[in-house]
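These notes concern the structure reproduced below.
The values are calculated or read from the model by the stated rules, or taken from the named source; none is laboratory data. Owing to the predicted nature of the structure, the values given are computational and were not obtained by experimental measurement. Using ideal geometry, Cβ is built from the backbone for each residue, glycine included, and neighbour counts are taken over all protein chains shown. Note: areas computed on protein heavy atoms with side chains; ligands, DNA, RNA excluded. Shrake-Rupley method; radii C 1.70, N 1.55, O 1.52, S 1.80 Å.
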Amino acid sequence: LVIRFSNPVRTENLRDFLKVEPSVPFEIADEYDRLLLHGDFRPDTRYSVHMRRGLQGSLGQILMRDLTLSAWVPPMRPFIEIMDAGGHLSTRGTMKLRVRSCGMTSFQLTAERVFDNNLVYYVQSGEDEWDVTRLGREAASRKVEVRGEPGKAVLTEVDLRESLGQDAAGVYRLSVEGQLPATGNTSGESEDEGYGYYGSRLTDRALVAVSNLGIVSKRSGRQLTVWVAALDTARPITGAHVRAFSEKNQLIKEADTDANGLVTFPDMPDDEVSKPAVIVANSGSDITYLNMSQSLSGAEIMQSSGRRFLDKGYEAFVSGERGAYRPGERVHIFGMVRGCDAS
């Protein structure tokens, strides 16, 4: 719930001046001239917010009388979404796909296996092509029942092993599709938090690598280092075959990981067209990928930017033991020389 004032409100002892009915535990946050009440406010319910006189503004204003405001929380609109859409499901884990929905009693789950030789093309096309069948095949399709209270968000866990089999591995485009209720929105809008309305049905989809392989990579100048490890133990994978592709689906270089799960590619192309864009790793029938253009969030990019890793030669560092000295004091100088292998 949002309460807007003419000026910012003093946040000291706010709970002494606010009361919500029906009673709901809530947290308070302030945004300039607004108070945001975060709580488990239920759909299809009217709430009253009582403010006691004496509430103070940041400029010294005082609420002179008790005040009651009311707000109607409308029914939750129908939606369906794959939680944590995209990414990995370890074959050594539970293999549970989490689907959140509202306003439906069932949905259709479809899993389409992307062929390994089409993987880079599919990833570079935006991972959202509808006609994935020309790049792979349908692996499973099943109806999933939804259990929960009408009008409320429901979390449904689907065991993918039941659909894909015990030995499932590979990259799949997973789709969920549910029927809108008769009173739902059928106008064709597709702006509600990214959930698509198509006629009388709701849909969502995600590209998921079903694999126990995890990839970490670092590109510095023309050097690319890739580390492959098991998702369930974080132990390095020896002998995993690693391939680096450009955004044009051209194989740049390939090699197998060493005993530490590492492989280093020197002299990689550094231009925008030919530089590595997708890393694919496989060990036996297990295969996964890393889209290097989408591997970091904005915050992580800021934290990891700066000077490049050393990819050839040596670098030296010289420092004193402190930043300031008095005249006549002895200065101790420390030095370090480091090679590109961090030794």
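For residue 38, the solvent-accessible surface with a 1.4 Å probe is about 110 Å², rounded to the nearest 10. Note on residue 294 and residue 259: with the Förster distance fixed at 30 Å, the Cβ-Cβ geometry gives a FRET efficiency of about 0.50. For the pair residue 200 and residue 319, a Förster radius of 51 Å applied to the C-beta separation gives a FRET efficiency near 0.15, rounded to the nearest 0.05. Rounded to the nearest 0.05, the FRET efficiency derived from the C-beta distance between residue 179 and residue 121 at R0 = 35 Å is 0.60.
Charge dipole of the chain (Cα centre as origin; +1 on each Lys and Arg Cβ, -1 on each Asp and Glu Cβ, all else neutral): 760 debye, rounded to the nearest 20.
Label point of residue 59 set 7 angstrom out along Cα-Cβ; within the stretch 1-40, amide nitrogens under 16 Å from it belong to 5-10, 32-34.
Among the protein heavy atoms, those of residue 310 account for about 40 Å² of accessible surface (1.4 Å probe, every chain in place). Solvent exposure of the stretch 1-158, expressed per residue, is 59 Å² of accessible area, with all protein chains present and a 1.4 angstrom probe.
For the pair residue 271 and residue 45 in one chain, pulling the backbone fully straight at 0.36 nm per residue adds 75.6 nm over the alpha carbon distance. Ranking 279, 99, 35 by Cα position along the charge dipole of the chain, where only Lys, Arg, Asp and Glu carry charges on their C-beta atoms, puts 35 farthest toward the positive end. Take every pair of alpha-carbon atoms less than 8 Å apart whose residues are at least six positions apart; their mean separation over the length of the stretch 1-120 yields a relative contact order of 20 percent. With both labels modelled 7 Å from their Cα along Cα-to-Cβ, the residue 145 to residue 26 distance reads 3.8 nm. Spatially, the stretch 24-40 and the stretch 46-119 are offset by 16 Å when compared through their Cα centroids.
Per-atom-type breakdown for the chain gives carbon and sulfur 49% of the accessible area (1.4 Å probe, protein chains only). Sorting 46-55, 219-228 by average packing, meaning the other beta carbons within 10 Å per residue, from highest down gives 219-228, 46-55. Could you give log10 I(q)/I(0) at q = 0.14 Å⁻¹ for the chain, computed by the Debye formula over C-alpha point scatterers of equal weight, without solvent? Each listed q maps to, in turn, -1.10. With each label modelled as a point 7 angstrom along the Cα→C-beta vector, the residue 92-residue 67 pair spans 5.9 nm. Shown for the chain: lysine pairs separated by 8 or more places, or found on different chains, whose C-alpha atoms are under 23 Å apart, numbering 11. Per-residue surface analysis assigns residue 157 an accessible area of about 110 Å², computed on protein heavy atoms at 1.4 Å probe radius.
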